[in-house]
Structure formats: structure tokens, C-alpha cells
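Comments concern the structure below.
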Amino acid sequence: MTDPRIEFVFGEVNNQLKRELRAFWSQHGNAYQEELKSFRATLSNNQKRMGLLKKPISRQPAAISRDQSGEINGIVFVVLRELEASLGLGSHAYFQRMYITPTARHLTINLSYQRLANQLFRAFLEGFDREVEKRDHRAKVLLAENINPGLQKASMRRYFARLGFQMLGGNQLGGEIWARKLKTHFSF
């Protein structure tokens with residue numbers, strides 16, 4: 001596998017990319033939702049967890065990867081949410097999710113998939129750190145809910161810690177909640 005083409009796109013989605021993203025989610029959205037469901041122990045508890053989270057303010061792509069033909073085969077997106085004060089994480093946070101298509105996972109050997117996931121995730125973090133002005137200044141943390149059991153191994157926990165995440169704990173869905181502080185500044 002040749003190196004994927006990875007783009008940081010947060011705050012820079014033009015009409016062409018919007019069309020590509022709509023086509024991507026049209027093709028892969030159901031598989032993504034089914035994958036999420038397969039990782040969750042029970043869906044009925046989902047509503048309890050959402051009681052601490054208010055309605056999403058925005059959802060947008062942050063980084064994408066493309067295969068050799070130029071088709072999107074991986075995405076990191078972020079959701080900005082208002083938080084309940086009882087969480088102690090500030091008033092707002094970005095929630096991050098990543099999805100790589102099954103084709104990109106299964107047509108390459110496992111090491112290439114891990115490399116793609118690593119490159120896409122690191123490009124996202126570097127871009128997200130760099131683009132302070134494009135982020136909502138109220139969000140003080142980036143949260144990741146690692147519900148994939150493969151992300152709950154000791155090696156992956158060390159990986160997240162090296163990237164600046166701190167594990168906050170688990171949730172009733174069997175996921176691990178990780179937080180990474182975001183640098184913010186105000187323009188006056």
C-alpha cells in the first residue's frame with residue numbers, strides 16, 4: 001500500500017468536499033452505525049448517558065484520508081457539545097470519532113491499516129492543535145469515547161497517553177472515556 005493522501009479539513013469544507021462527504025456517508029453510514037451498535041453492550045443505556053450531554057451544537061469533518069483513486073476511505077469528525085457542569089470539564093467539549101472503511105481495513109494487511117489509522121489520527125490532532133482560531137473557544141477538551149474493544153488494550157492505552165490523552169474512566173456502555181486538553185486563546 002502506498003502512503004495515503006491525508007487532508008486536514010476542519011473549517012475548510014468546500015462544495016466539492018461536501019458532495020464527496022455526502023457520497024461517503026451515503027455509502028458507509030449504515031456500516032458505521034452498525035459497527036457502533038456492535039461495540040455497545042446495550043443500546044437502552046445510551047439515553048441515560050446522553051442525559052449528561054446536551055444537544056450537539058455542530059458536527060463537522062476534521063480530517064480525511066483518500067485511497068489511490070482519490071476516494072475518501074477514512075474520516076475523523078468532531079462534534080461540539082455543551083456539557084453539564086457536573087462533569088467538571090468546562091462548559092463545552094469536542095467529541096472525536098474516527099471511521100475507516102471496511103475496504104481500507106480488509107484489502108490491506110493489518111499493519112497497513114494500523115498505519116493508516118495512526119497517520120489519519122495524528123494529522124487530525126496536529127491540525128486541530130494548530131487551528132485554534134477555527135475551534136470554538138468554549139471547548140477546553142477533546143473527548144474520545146473508545147468503544148472499540150481493540151482500543152482498550154494496554155498498548156492502545158499507552159498510545160493515547162503518549163498523544164496527550166488522559167483516561168477519565170469507563171461508562172455504562174463499556175467504553176473508555178479519554179480527554180485531551182485543548183489550547184485556547186481569546187481575541188479581544
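For the reader, a short list of remarks on this structure follows.
- Residue, modelled with the lowest pLDDT, within the range 9-60, restricted to residues that are part of a strand (DSSP E or B) and either open to solvent by 40 Å² or more (accessible area, probe 1.4 Å) or farther than 29 Å from Pro149 by Cβ (or both): Lys54
- Considering (1) within 16 Å of Gly74 (Cβ to Cβ); (2) modelled with pLDDT of 85 or more, the lone condition that Thr103 does not fulfil carries the number (2).
- Answer residue from the range 72-88, given it is touching a residue at least 24 places away in the same chain (Cβ under 8 Å) and open to solvent by 40 Å² or more (accessible area, probe 1.4 Å) and is nearest to the chain's Cα centre (by Cα) among those: Glu82
- Scope the range 129-188; condition assigned to a strand (DSSP E or B), open to solvent by 30 Å² or more (accessible area, probe 1.4 Å) and either at pLDDT below 90 or of a type outside the set (Lys, Arg) (or both); matching residues: Gln166, Met167, Leu168, Gly170, Ile177
The values are calculated or read from the model by the stated rules, or taken from the named source; none is laboratory data. Since the structure is predicted, the reported quantities are computational estimates derived from the model, not experimental observations. Quick reminder, even Gly has a Cβ in these numbers, built from the backbone with ideal geometry, and neighbours come from all protein chains shown. What goes into the accessible areas is simple: the full protein's heavy atoms, side chains included, and nothing from ligands, DNA or RNA. Shrake-Rupley method; radii C 1.70, N 1.55, O 1.52, S 1.80 Å.
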